[in-house]
Structures are given as C-alpha cells and as structure tokens.
1. If the reach is capped at under 14 angstrom between alpha carbons, list the aspartates and glutamates near Lys196, excluding any in the same chain fewer than eight residues apart.
2. Setting aside same-chain residues fewer than 8 positions from Lys84, which aspartates and glutamates have a Cα under 17 Å from its Cα?
3. If amide hydrogens are placed 1.01 Å from N in the peptide plane, which non-local residues have theirs closer than 5 Å to the one on Ala61?
4. Hand me the chymotrypsin sites (Phe, Trp or Tyr not before Pro) from region 36-135 located in a DSSP loop with no more than 10 other Cβ atoms within 10 Å, in residue order please.
5. Quick check: pseudo-label points 7 Å beyond the Cα along Cα→Cβ at Glu81 and Val152, how many nm apart are they?
6. Using the Karplus curve 6.51 cos²θ - 1.76 cosθ + 1.60 with θ = phi - 60°, what ³J(HN,Hα) values do you get for each residue of region 96-106, in whole Hz, with x for Gly and Pro?
7. Whose amide H sits under 5 Å from the amide H of Arg186, counting only residues 5 or more places off or on another chain, with H placed in the peptide plane?
8. If you project the alpha carbons of region 14-98 onto the principal axes, what extent comes out on each, in Å, largest first?
Amino acid sequence: MYSNISIPDLEEFIITKSFEGEGLYQLHVELERKPHQCPECQKFTQKVHDYRLQKIQHTQAFGRNTMLFYRKRRYICEDQECRKRFYEDNSVVERYQRQSIEFNQALSIELIHGKNFKDVADRFMVSSTTVMRRFDEISSTKLKETTDLPRVIAIDEYKGDAGGEKYQTIIADPIERRPIEILKDRKKQTLVDYLKQNGDKVEMVVMVSPTVIKSLITTV
C-alpha cells in the first residue's frame, strides 16, 4: 500500500513505504510511469528495461536525518534501429550523485555559516572530504565574478584551511541567501581592497562585530 504523506520537494514522487531504522528516517520512493523521449533518436517510449534501487542522502524530514531509496526506471527505446537504454527524468538527484539536489543546496548554504569543514560534515553526516569538494564546486561554478555588490551584504570568516591560510572571508547576499565571493584570507586589507573595487552600491554590512563594521566603513 502506498503512503499518502507529502514531503516538500518530493511531491511528484509516490512514497511506497516509510519507516525509521538504523538511526535514519527511510523513504522508499518512485515516480509514475510515463512516456520519455529517447535522447538518441528523440522518439517517445514507455517500455521499461529494468529498475535500479538508488540510495540517496536527503535533508531532514520531521526532524530526522533522512535517506531516500529511489526505485529508478531505465527505459529502452522501442525503435528497432536505436534500442537506446536511459534512465527516467527526475528532480531529486543529479546523475552520479549520492546526495539529493536539496541536500546539496542546504549544504551550500550551511557552508556560509558553519564554523569549519568538520563542523558542517558532522551535522550533515558526511565526510569532511565531501564538504570540501562541495566548497570547491561553489567556488568554481556558483561564485561568478563580481562587478557590483548588492545594497546589503553579509561578511563572515570561515575556517577552511585553504591556500595556505587557516581562515577565509565569505561575502554573501543575506536577502537572496546566496554566497557571492570567497576571499583568500580574513585580513582587513584584503576586505578593504575588495570593497573599494566592488562595493560602490553597498549601503549596509551585516557582521558579527560592530567594531569591525565601524572600522571598515571609516577605512572605505
């Protein structure tokens, strides 16, 4: 019997069973069968070749650490000259990933506020290597070159142990809740130089220490 519970970001999925075990809230999910377009010949097919059970780490549900068990279909093109096999489209996990899209988004946001890589890793129940890899992905793909900072920015230090420096400085947009830039260290002059170059539109800076804010505003 299918469950009738609805989980945010999993609305399109059918939850076949859910239970708590091994310290995790386990959700077994699958999608409805529907026509899929072959990526090779562009023809549509509903023929299922086989299934694969994929284990995916997800964000907390009902206050519990959650693991998804996704019964994923692999379709086969019915064109006799094609016969391409491919997995169904889904919105929960990207190809070759073991964590859900939502999990990685939550981890990305937490990287701004966490004390260090180990602290974030412990709370998300992943290795420090996974967190550092995610940090590198943000740095290379999500932190685009900044020309103008927004009106309100947040500044915080981060213990990252990267590039020979124990601490880095993170510039974030607290309204859009997204990282903007990661500076190479937490030195005052590095931050001042960055704000002089990109901070013409900045009207408000959110920081932990009011003394530092006053010092920066005076310097800039």
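Values quoted throughout were computed directly from the atomic coordinates according to the rules given, and no laboratory measurement underlies them. Note that the structure is a prediction, hence the values are computed from the model and not measured. Don't worry about glycine lacking a Cβ; one is built from the backbone with ideal geometry, like all the others, and counts go over all protein chains shown.
1. Hits, sequence-local ones excluded: Asp148.
2. Excluding near neighbours in sequence, the set is Glu40, Asp50.
3. Thr66
4. Numbers: sites: Phe44, Tyr51, Phe62, Phe69, Tyr70, Tyr75, Phe86, Tyr87, Tyr96, Phe103, Phe117, Phe124, Phe135; in loops: Phe62, Tyr96.
Of the chymotrypsin sites (Phe, Trp or Tyr not before Pro), the ones in loops of region 36-135 whose Cβ has at most 10 other Cβ atoms within 10 Å are Phe62, Tyr96.
5. 6.0 nm
6. So the Karplus estimates, Gly and Pro as x, are 6, 9, 10, 10, 5, 4, 5, 4, 5, 5, 5 Hz.
7. Those lying under 5 Å, H to H, from Arg186 are Tyr167.
8. Principal extents (largest minus smallest coordinate, Cα): 49, 22, 16 Å.
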